[in-house]
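Participant: Okay, here's the structure, questions in a sec.
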Amino acid sequence: MSVFPNPSNGSITLNLNSSVNGAVDIQVFDLLGKSVFLHSSQTTAFNFQETLEINAEPGTYLVRVIDELGNQQTKKLVIKSHTSQLLGKSIPF
């Protein structure tokens with residue numbers, strides 16, 4: 001499984017290689033275990049790709065994907081400022 005871009009502004013693409021056809025649950029948790037995003041989708045075997053909008057405060061999160069057989073994969077995700085938060089603000093270089 002891969003999640004990119006990482007760090008992200010909240011918009012991510014999730015790539016998943018799976019041998020399972022069927023439902024997958026995509027969950028995003030903060031480091032305290034609080035769920036900030038939940039999405040269900042259908043996957044076909046081998047390569048699954050989906051773009052997601054994670055509306056969460058800047059910080060470090062865990063992205064977990066669980067297939068219908070209970071197989072889990074987890075990746076760390078860092079969210080920086082959202083694109084909408086950058087509008088109208090100067091950004092130091």
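The values are calculated or read from the model by the stated rules, or taken from the named source; none is laboratory data. Computed from a predicted model, the values in this text were never measured in an experiment. Cβ: placed from backbone, ideal geometry, glycine included. Neighbour counts: every protein chain shown. Surface areas here come from the heavy atoms of the whole protein model, side chains and all, with no ligands, DNA or RNA. Shrake-Rupley method; radii C 1.70, N 1.55, O 1.52, S 1.80 Å.
Participant: Just need a number here: residues in the stretch 1-44 that are under 22 Å from S81 (Cβ atoms) and within 9 Å of the chain's Cα centre (by Cα).
Facilitator: Going through the stretch 1-44 one residue at a time, the tally reaches 9.
Participant: Moving on. Could you check, for the stretch 3-14, whether at least one of its residues is at positive phi and either polar (S, T, N, Q) or crowded, with 18+ Cβ neighbours inside 10 Å (or both)?
Facilitator: Initially, the stretch 3-14 is screened for residues at positive phi, giving 10.
Still in the list and also either polar (S, T, N, Q) or crowded, with 18+ Cβ neighbours inside 10 Å (or both): 10.
There is at least one residue in the stretch 3-14 that is at positive phi and either polar (S, T, N, Q) or crowded, with 18+ Cβ neighbours inside 10 Å (or both).
Participant: Quick check on this structure: which one of F46, F37 is open to solvent by 50 Å² or more (accessible area, probe 1.4 Å) and either of a type in the set (A, V, I, L, M, F, W, C) or under 16 Å from I79 (Cβ atoms) (or both)?
Facilitator: Details: F37 fails: open to solvent by 50 Å² or more (accessible area, probe 1.4 Å).
Going through F46, F37 in turn, just one is open to solvent by 50 Å² or more (accessible area, probe 1.4 Å) and either of a type in the set (A, V, I, L, M, F, W, C) or under 16 Å from I79 (Cβ atoms) (or both): F46.
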